[in-house]
Amino acid sequence: MNENRLQLLLKKYVDNTITRKDCHELLEYLDTTDTSFVSSAIDEALQTANEQTAFEPDRQKHVYDQLLAEIQERQLTPSPIRPTKKHFLFSFVKVAAVLVAAIAVGSWLYNGKQLDRANLQSNTTRDSILLPDRNQAILTLADGSTILLDDAANGILAQESGIEITKTEDGSVFYKTVDNSNQSNTLKYNTFSTPKGSTYRILLPDGTKVWLNTGSSIRYPVVFPHDKRTVSISGEAYFEVAHDASKPFFLDANGSTIQVLGTHFNVSAYVDEKQTTTTLVEGSVNVSKNGNNITLKPGQQAVVDEATGAIHRSAADVRSAIAWKNGYFRFDNESIEDIIEKISRWYDIEAVEYEGQFDDRFSGTFQRSKNVAQLFSHLEKLAPIHFEIRERRVVVMK
C-alpha cells in the first residue's frame with residue numbers, strides 16, 4: 001500500500017466515512033507494518049484532520065471509542081479459527097493499542113462500548129458478581145502498620161529510614177530518598193498487596209517500576225543495601241528494572257531466583273499454581289531453581305516446575321503474558337475451564353461447577369474493566385454454553 005492510499009484510508013476512518021471493506025484493508029495492512037510507522041501515520045492523519053476541521057479532543061475520543069466498539073464486536077471468536085480470521089481479530093487489537101499512544105486516551109483500562117442490558121438474561125443473578133472495589137491495595141510498613149491506599153489522600157503516606165513514601169494523583173506509589181543520614185544499617189521491609197479486582201503501580205526506592213497484578217504481593221527493603229537489590233513476590237508482576245551494574249537485581253518467586261541488571265519482564269508465581277513463568281520483554285535475565293538455570297533472550301519464557309525444579313525455555317507470546325498490564329484478558333485457543341481459571345482471580349468468584357463436558361475453545365480479548373456477565377454473554381453466543389451465577393458460585397452447563 002502506498003503512502004497516499006494509507007493516508008486516504010486513515011482520513012476516512014478519522015472522518016467516520018470508511019466502509020467495512022476499506023476498514024478491513026486498512027487493518028490488515030497495519031497489522032503487517034512496524035508499530036512505530038503505524039503510530040506516525042495515525043499522528044499525521046490526526047494532525048491533518050485538526051488543520052482541516054478543528055478536530056477537538058472530544059472528537060478524537062469519539063473516534064477512538066468507535067474503534068473499540070468495533071473491537072468489542074470481534075473480541076471473542078470460537079476456535080478452531082481460520083488463520084485469516086484470527087489474523088483479522090488481532091489487527092483490531094494492535095491498532096487500538098497504537099491509538100492509545102497516538103491520541104492519549106486512557107492510561108490503564110480501556111472503556112469500550114457497553115453491551116445493551118436487554119441482551120443480558122434477566123432470569124439469572126449474574127449481575128451479582130461485579131468487579132471488587134478498585135485500588136484497595138494495602139501497604140504494610142516496617143513497623144507492621146498498614147495503609148489502605150484507596151482511603152489514603154494523595155501526598156506523603158509515611159517516612160521510614162530517610163525515605164519518603166508518596167501516593168500520586170494517578171494512584172501510584174513511589175519512594176524517594178530525602179535524608180541519607182537517617183538510613184539504618186538494619187534492613188527494613190515494606191509489603192505491598194493487591195486483592196481481587198485490583199492492580200497497582202509502584203516505584204521502588206532504586207527507580208524500578210513494578211506493576212502488581214490482582215491477588216499479588218511484593219516485599220522489598222525500604223533502602224536497598226550497597227551490593228545488591230533483592231525483592232520477593234507472590235502472584236504476578238511486571239518489572240521495568242532500573243539499570244545499576246554495581247547492584248544486580250534479584251527476584252525471589254516461589255523459590256525460583258531471577259537475576260537481572262536492567263530489563264523488562266513479567267513473572268507469574270501464584271502459590272496455587274504448579275509452575276512459575278518468567279517472560280522476557282527486553283534485556284536479559286537468568287532464571288534458576290535447585291541448581292538448574294537458564295538465560296533468556298527477549299521473546300522467550302522460562303517455566304519452572306515447582307515440584308522438580310526443572311526449567312523449560314520456549315518462545316513466548318509476549319502480548320498474552322502482559323495483556324493484564326494493559327487492562328485485558330487475552331485468550332488463545334483456550335478451553336472454558338482455562339478461561340474461568342484466569343478470570344476467577346479478578347472477579348469475585350468463589351467456586352465453579354461444571355455440569356457436562358465442554359470441548360469448545362476460544363481465542364480473543366476481553367476488557368477487565370467490564371462486568372463478568374458481559375463475558376459470559378459473549379461466550380453463550382459463540383457456543384452451546386450457559387452460565388448461572390448463584391451468589392458467588394458459577395455453574396457452567398450445556
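Round to the nearest 0.05 the FRET efficiency obtained for Thr186 and Glu25 when R0 = 41 Å and r is the Cβ-Cβ distance. Write out the running numbers ahead of the final one.
Working: r = 64 Å, r/R0 = 1.56.
About 0.05, to the nearest 0.05.
What list of ³J(HN,Hα) values in whole Hz, one per residue of region 160-175 in order, does the Karplus curve 6.51 cos²θ - 1.76 cosθ + 1.60 (θ = phi - 60°) give from phi, with Gly and Pro shown as x?
9, 6, x, 10, 9, 9, 10, 9, 8, 5, 7, x, 6, 10, 9, 10
If each residue's Cβ is checked for other Cβ atoms within 10 Å, how do Ile258, Ile340, Ile18 rank with the fewest at the top? Walk me through the intermediate numbers first.
Values: Ile258 27, Ile340 21, Ile18 18.
Starting with the residue having the fewest Cβ neighbours, the order is Ile18, Ile340, Ile258.
Which cross-chain or sequence-distant (5 or more) residues have an amide H under 5 Å from the amide H of Gly215, H modelled 1.01 Å from N in plane?
Those lying under 5 Å, H to H, from Gly215 are Thr194, Lys196, Gly197, Ser198.
If the chain between Thr177 and Asn333 were fully stretched, how many nm would it gain, using 0.36 nm times the residue separation less the Cα-Cα distance? Write out the running numbers ahead of the final one.
On the way: separation 156, 0.36 × 156 = 56.16 nm, distance 4.72 nm.
Full extension from Thr177 to Asn333 adds 51.4 nm.
State the answer as a single residue: which of Gly215, Gly144, Thr263 lies farthest towards the positive end of the charge dipole of region 138-321, with beta carbon charges of +1 for Lys and Arg and -1 for Asp and Glu, about the Cα centre.
Comparing the listed Cα positions along the dipole, Thr263 ranks first.
Take the residue pairs Lys196/Lys325; Lys167/Lys342; Lys167/Lys325; Lys188/Lys247; Lys247/Lys325 and return only those whose Cα atoms are more than 22 Å apart.
Numbers: Lys196/Lys325 15 Å; Lys167/Lys342 30 Å; Lys167/Lys325 20 Å; Lys188/Lys247 18 Å; Lys247/Lys325 27 Å.
Over 22 Å Cα-Cα: Lys167/Lys342; Lys247/Lys325.
About its Cα centre, what dipole magnitude does region 138-321 give when the only charges are +1 on Lys and Arg Cβ and -1 on Asp and Glu Cβ, stated in debye to the nearest 20? Intermediate values should be presented prior to the final figure.
Working: 15 positive and 20 negative charges, 85 e Å.
So the magnitude is around 400 debye.
Every number in this text was worked out from the coordinates using simple rules, so none of it is lab data. Treat the numbers as computed from the prediction; the structure is a model and nothing was measured. Here the Cβ is made from the backbone with ideal geometry for all residues, glycine too, and neighbour counts use every protein chain on show.
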